Amino acid sequence: MKEVQNVTILGSTGSIGVSTLDVIQRHPERYRVFALSANSRLDELHRQVRAHRPRYAVMRDPDQAEQLRNRLRQEGSDTEVLSGVEGLIDVAAHSQVHQVMAAIVGAAGLLPTLAAVEAGKRVLLANKESLVMSGELFMAAVRANGAELLPIDSEHNAIFQCMPPAFEQGLAAVGVQRILLTGSGGPFRCLPLDQFAQVTPEQACAHPNWSMGRKISVDSATMMNKGLEFIEACWLFGALSEQVEVVVHPQSVIHSMVQYVDGTVLAQMGNPDMRTPIAHGLGWPRRLASGVKPLDLVQVAQLDFAAPDTNRFPCLRLAREAMVAGQTAPVLLNAANEEAVAAFLAGQVAFTAIPRIIEGVLERCSLVPARDIDTILKVDAEARRVAQACLHDISR
Ligand code: NAD
Ligand code: MG
């Protein structure tokens, strides 16, 4: 890397955003924070702007953006404040930006992430939902615009590290037989099925190994996170659904594996800390210090593996079926999941309603080819309306 890299962080106030700032701060000679963004946490974004002095800050809501602008003006800051999706797109595609960390949660990340791809940036992809929604279009846009896509999801980052460089020619061409996508199994890995209905949002958000935002924490508890990651892996690595196998690995030390035709299995290991994949994405192909504690295998002592139980975790089955069905099925799955998880976190429906709502949406909505982004956004909106109707029926 010849020059200091300008980095935009979409979703800087979230769990991934904060970890990204932590890694960047360790390498001021290599990276400069160019833009930061937040949804609603104005004070937090204000603090981040003071600490990192970016060229731009984006607050989703225009009134909150105006508040931040006034505060910064009084302090004599020269950070410019933008708002809305337009603001996010501007800082993602800006000509002076080298790298974009896509760390907004959910479908809200789709347009800004795609804008970074279309501007040919190095895109550090944490926002798996954008790829799940638009897989084929997204990957075509990466190729057409010469973007560099680096997976930040720990599993996909691990798979990337275990893949040969030429994997884009096709898995068969490079001797890859299967991807082994590992997952901790979440906080309810051993919970009996008859207790799932009583699960509270606090229990669902208390992940045994990872500290994450609330939506992805619930996704881990239902194992929809692994379902979304299954779809993500198929698109990122050009894998057929039967080439991706989910393996439950409770210690979260192996972050995923790649199996080759000669019997070799390569695994990437490390402590469960997102600063490792973030540093890998930022620095690739160089290695950067990330602040992550070295792995102590003697202390870990044991690595366990098991098959996932789709009877207790139907979301995993629903995600696989959506990927196989193709067209807009993953859009429906993702939108219904976001609505169901929000309703669960708001105390409106039981934990067990989440897969029922998703299944309801997949049954009621018809599939169309995911031809363009407009179609995808329309299907997303329609799926959310149907999900609301389903959750209304369930909670009555
Ligand atoms: P989080 O909830 O902690 O943070 C989300 C960020 O997105 C915040 O900065 C928030 O301000 C912003 N945001 C939310 N809604 C927005 C909207 N409508 N418009 C603009 N900005 C909005 O979430 P997180 O745990 O950091 O996860 C972020 C993404 O990374 C998710 O897609 C998640 O699946 C993925 N991911 C997270 C982890 C993890 O360990 N946290 C691991 C792998 C992948
Ligand atoms: Mg993951």
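The values are calculated or read from the model by the stated rules, or taken from the named source; none is laboratory data. Only a predicted model underlies this, so the values are computations on that prediction, with no experimental measurement involved. Cβ: placed from backbone, ideal geometry, glycine included. Neighbour counts: every protein chain shown. For accessibility, only protein heavy atoms count, side chains too; no ligands or nucleic acids. Shrake-Rupley method; radii C 1.70, N 1.55, O 1.52, S 1.80 Å.
Laid out as a table, the results:
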item: Alpha carbon centroid spacing (whole Å) that separates region 1-50 from region 136-195; result: 25
item: DSSP bridge pairs, region 153-324: antiparallel proportion in percent, nearest 5; result: 65
item: Shape call, region 256-369: gyration tensor on alpha carbons, a/c limit 1.5; result: prolate
item: Span-rule helices in the chain, defined as complete DSSP H runs reaching 30 Å or more along the axis (Cα) with Kyte mean at least -1.0; result: 373-395
item: If the convex hull is drawn through the Cα atoms of region 1-149, its volume per residue in Å³; result: 95
item: The chain, relative contact order [Cα under 8 Å, separation at least 6], %; result: 14
item: Cα-based Rg and Dmax for region 326-396, where Dmax is the largest Cα-Cα distance (Å); result: 11.7, 37
item: Span per principal axis, largest first, for the Cα atoms of the chain (Å); result: 58, 54, 43
item: Cross-link partners of residue 226 among lysines (Cα-Cα below 25 Å; sequence separation of 8 or more within a chain); result: 128, 215
item: Computed over region 153-324, the ratio Rg/Rh where both radii use C-alpha atoms and Rh is Kirkwood; result: 0.96
item: Charge tally in the Cβ shell below 11 Å around residue 310, where Lys, Arg are +1 and Asp, Glu are -1, residue 310 excluded; result: +2
item: Value at 222 nm in deg cm²/dmol, rounded to 500, when DSSP H runs of n ≥ 4 in the chain each add -39,500 (n - 2.57); result: -14500 deg cm²/dmol
item: Carbon and sulfur %, accessible surface of region 5-151 computed with the full protein complex present, 1.4 Å; result: 45
item: Estimated translational D of region 130-247 in µm²/s (Stokes, Kirkwood radius over Cα pairs; 20 °C; 1.002 mPa s); result: 136
item: Percentage of interatomic Cα-Cα distances in region 323-366 larger than 16 Å; result: 33
item: Share of Cα-Cα pairs in region 226-307 lying beyond 22 Å, as whole percent; result: 36
